[in-house]
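The values are calculated or read from the model by the stated rules, or taken from the named source; none is laboratory data. If you're wondering where the values come from, they're calculated on a predicted model, not measured in any experiment. For neighbour counting, all protein chains shown are included, and Cβ atoms are generated from backbone atoms with ideal geometry for every residue, glycine included.
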Amino acid sequence: MIEVAVTAVGTFLIEEVISYVVRRTAKIAGTSATVIHDFGAAMRVIAVLVILYGILSLAGLSSEFTSLTISGIGALTVSLALQNTLSNVISGVLLLQEGAIHLNDTVEYGTVKGRVVRLALRNTWIKMESGSIAVVSNSGLAYGSLVNYFATERLSKKYAIE
């Protein structure tokens, strides 16, 4: 029973540290509270699954081989099903962490030029001069030719660019 408590506390602490770092990064980038809330919910689900595994393992209802097999098949299935979504989420986290884009920045991506009005984990909303909203995937922004007209000073200080 002590192992379950140690696993639960360790999982909780790791989840809190990761969640704090991502929440802080998202807050600095100026993203919405919805993104921060959604990430926290996802981290709690992962923590509950790890704790559930610990309980089943200690109760003798699950062997290590069975757990590894099921988790491997599950991870492969989820990663293939969510490949594009996960790519957008990871790109969104990297864009926020690097500070490449903030709310109200004027950006140009391909034929889209305008002001960033919403940053989310999967996509970014850009209000164009015509008043239209362009929803651009974060993986497109991360791997495409993004021009940010307001980030020069901010990124020059952060990365010592002359």
Every pair of residues 6+ apart whose Cβ atoms lie under 6 Å, when the first sits in region 36-60 and is assigned to a helix (DSSP H, G or I) while the second is of a type in the set (D, E) and exposed (fewer than 13 other Cβ atoms within 10 Å of the Cβ):
L58/E3
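Which residue is farthest from S137 (Cα to Cα), if the candidates are limited to region 72-88 and must be without any contact (Cβ under 8 Å) to a residue 40 or more places away in the chain and surrounded by 13 or more Cβ atoms within 10 Å (Cβ to Cβ)?
L86
Residues are listed down the side, and each one gets a yes or a no for (1) touching an Asp or Glu at 6+ places or on another chain (Cβ under 9 Å); (2) more than 23 Å from E153 (Cβ to Cβ):
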position	(1), (2)
V89	no, yes
L96	no, no
R115	yes, no
V135	no, yes
Please verify whether region 61-84 includes one or more residues that are in a strand (DSSP E or B), more than 20 Å from G40 (Cα to Cα) and aromatic (F, W, Y).
no
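Of these, L56, L86, which one is within 28 Å of H102 (Cα to Cα), in contact with a Ser or Thr (Cβ under 9 Å, 6 or more places away or on another chain) and not assigned by TED's automatic domain parsing to the domain that holds N123?
None of the others qualify; the one that does is L86.
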Selection count where residues are in a helix (DSSP H, G or I) and either small (G, A, S) or outside the structural domain of T106 (by TED's automatic domain parsing) (or both), scope region 130-152:
3
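Would it be correct to say that L155 is closer than 18 Å to T34 by Cβ, in a helix (DSSP H, G or I) and either not assigned by TED's automatic domain parsing to the domain that holds A26 or not small (G, A, S) (or both)?
no
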Scanning region 101-142 for residues that are within 24 Å of N84 (Cβ to Cβ) and of a type in the set (D, E, K, R), which turns out surrounded by the most Cβ atoms within 10 Å (Cβ to Cβ)?
R122
State which residue is surrounded by the fewest Cβ atoms within 10 Å (Cβ to Cβ) when the search covers only region 37-71 and only residues that are farther than 25 Å from A26 by Cα, of a type in the set (A, V, I, L, M) and in contact with an Asp or Glu (Cβ under 9 Å, 6 or more places away or on another chain).
L58
Here is a list of conditions, (1) of a type outside the set (A, V, I, L, M); (2) surrounded by 14 or more Cβ atoms within 10 Å (Cβ to Cβ); (3) over 30 Å from A142 (Cα atoms), and S91 meets all of them except one; can you say which number that is?
(3)
